[in-house]
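To start, I am sharing the structure in question, which I have written as C-alpha cells.
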Amino acid sequence: MFVLGALIIEFAEEFSKVEKVKRVILYVLLGAFIVISHQKWLLPYISWYANTAYCHTPFGYSGVTVLWYGLFVGLPIFCAILVAAYSVPNGIKGLRDGQFPPKGVKVYKPTKIIRGRPSKVKSLGHLIAPLLFVVIGIWGSFQVENLPNDPDSFDYSVCESE
C-alpha cells in the first residue's frame, strides 16, 4: 500500500524472485516441449493429412470436410477453451471481489489494484475474450460450405499407395 496525500494506492501481491524464476523456467520448458512435439509429430501428421484428406473418411464424413471443419470451427473452439481456462476464473473472481487483479492473485510486476467500474470492465473483458473465439468458430461453420470440395480435381492415385 502506498499513501499519496489522501489518496491510497494499493498494489497486488507480487511473486517472489524465486517464484518468478521457477515459473519462467517452467513456462520455457513447457513451451520448448510444445514446439518440439509439434515440429516432430503433429505438424508432419497434419501436413500428411492435408495432402491426402480426400482419401480418408473419418467417422463416415469426407476427409476434406473434416479438414475444413477442423480448421474453421475446431481450432477456434480449442483456442476458446485454452483462453477460457485462464481468463474466466480471473473474470469471475474480479467481479466477485470488485477489484482487478482479484484478491489472492499474484502478479509479476508492480500492479495497481483497480476498483469500481474499471475493474468490472476488465473482469467482463476476461469473461468475453473466449466468446470472441466462439464467434469466429460460428462464423467459420458457415464458411465451410463455400470452400472447395471438388472430387474431380483430386489425385486418387495417392490414395492407392497408402
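Any read-out appearing in this document is the output of simple, stated calculations on the displayed coordinates, not a laboratory observation. Note that the structure is a prediction, hence the values are computed from the model and not measured. Quick reminder, even Gly has a Cβ in these numbers, built from the backbone with ideal geometry, and neighbours come from all protein chains shown.
Any chance you could check the Cα centroid distance between the range 17-55 and the range 61-107 for me, in angstrom?
19
Between Trp48 and Phe78, what FRET efficiency comes out of the Förster formula 1/(1 + (r/R0)^6) with R0 = 35 Å and r the beta carbon distance, rounded to 0.05? Each step should come with its number before you reach the end.
Details: r = 20 Å, r/R0 = 0.58.
It comes out at approximately 0.95.
Looking at the chain, do any whole DSSP H helices span at least 15 angstrom along their long axis by alpha carbon and average 0.0 or above on Kyte-Doolittle, and which? Each step should come with its number before you reach the end.
Working: long enough: 17-37 (30 Å, 1.35); 75-97 (33 Å, 0.98); 117-143 (38 Å, 0.81).
Those that pass (Cα extent of 15 Å or more, hydropathy at least 0.0) are 17-37, 75-97, 117-143.
Among Gly94, Val73, Ile9, flag the residue with its Cα farthest along the positive direction of the charge dipole of the chain, charges on Cβ as +1 for Lys/Arg and -1 for Asp/Glu.
Ile9
Please check which bits of the range 93-128 a label hung off Lys22 would reach, taking the label as a point 7 Å along Cα-to-C-beta and the cut-off as backbone N under 16 Å.
It comes to 106-108, nothing else.
Go through Lys40/Lys93; Lys20/Lys112; Lys20/Lys103; Lys22/Lys120 and tell me which ones have a Cα-Cα distance over 27 Å in this structure.
Values: Lys40/Lys93 39 Å; Lys20/Lys112 19 Å; Lys20/Lys103 19 Å; Lys22/Lys120 31 Å.
The pairs that break the limit, which is 27 Å between Cα atoms, are Lys40/Lys93; Lys22/Lys120.
Work from the charge dipole of the chain (Cβ charges, +1 for Lys and Arg, -1 for Asp and Glu, about the Cα centre) and give the residue of Phe133, Pro58, Ser47 farthest towards its positive end.
Phe133
Placing unit charges on C-beta atoms (Lys and Arg positive, Asp and Glu negative, everything else neutral), compute the dipole magnitude of the chain about its Cα centre in debye, rounded to 20. Working shown, then result.
Details: 15 positive and 11 negative charges, 339 e Å.
My answer is approximately 1620 debye.
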